[in-house]
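Working notes, beginning with the structure itself.
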Amino acid sequence: MDVEDENYCCCCNNTVTVICNLIIILLGLIVLLFWLIIQPKAAKFTVTNASLTQFSFTNNNTLNYNLVLDITIRNPNRKLGIYYDNIETLAFYKDARFGFQTLGPFFQHHKSTDFLGPVFIGQQVISLSRDRISMFEKEKRDGVYGIDVKILMNVRFKLGLFKTGKAKPKVRCNLKVPLRSSNVTTLLGNEFQATDCDWDYKGILFR
């Protein structure tokens, strides 16, 4: 290959590089403009009420539980609707999962509030360390249990006729739930306090 051919190839490569950079910049500007116009906001999840009527841990490592939650989802966006194609709710005690429920799909309009009502009833064998069993005994005396609920979702967003691909966000709710049937709870006057949930942004995946 002579010098002229080498210069031609080099020129072509530089041109392709410039075009690619321009396309990347243009796409970035489009995304920025879309963000500024739409100003998307994350939906707000709040556990407004929790009813715990059974929560006992037996000698054979079996947890018996009866937990009912009222969860509100607020879509604050003015132009974006949300498709919840799949919702899974998981209940944990001291990082050990004891409950699971799948909820049906639905569409949430912009500037609206919808409700979820997961119910966790049954028994589950879980392994707790000696320290965590001591923590359980303390919470039993206090009549209030620290329970975490995770919400796993497959969602899509709708703007007019345009729909995005699926995202897989996660939400975690750290709850302090009183046992309603506990005499201690009645004496102390413990009541469940509405609790906002936190987004796990590391868990958001798009596909």
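For Ser56, neighbours were defined as the other residues whose beta-carbon sits under 14 Å from its Cβ, and their charges (Lys and Arg +1, Asp and Glu -1) total +1. The residues neighbouring Lys44, those whose beta-carbon lies less than 10 Å from its own, together hold a net charge of +1 under the Lys/Arg +1, Asp/Glu -1 convention.
Sequence-distant contacts, meaning Cα pairs under 8 Å at least 6 residues apart, place the relative contact order of region 84-147 at 33 percent.
Were the residues from Arg156 through Asn21 laid out at 0.36 nm apart, the gain over their Cα-Cα distance would be 45.6 nm. A full extension of the chain between Arg78 and Asn60 corresponds to an added length of 1.3 nm, given 0.36 nm per residue minus the alpha carbon distance.
Bear in mind these aren't lab numbers, they're just calculated from the coordinates by the rules spelled out. In this text the structure is predicted, and so the values were computed from the model without any measurement. Backbone-built Cβ (ideal geometry, glycine too); neighbour counts: all protein chains shown.
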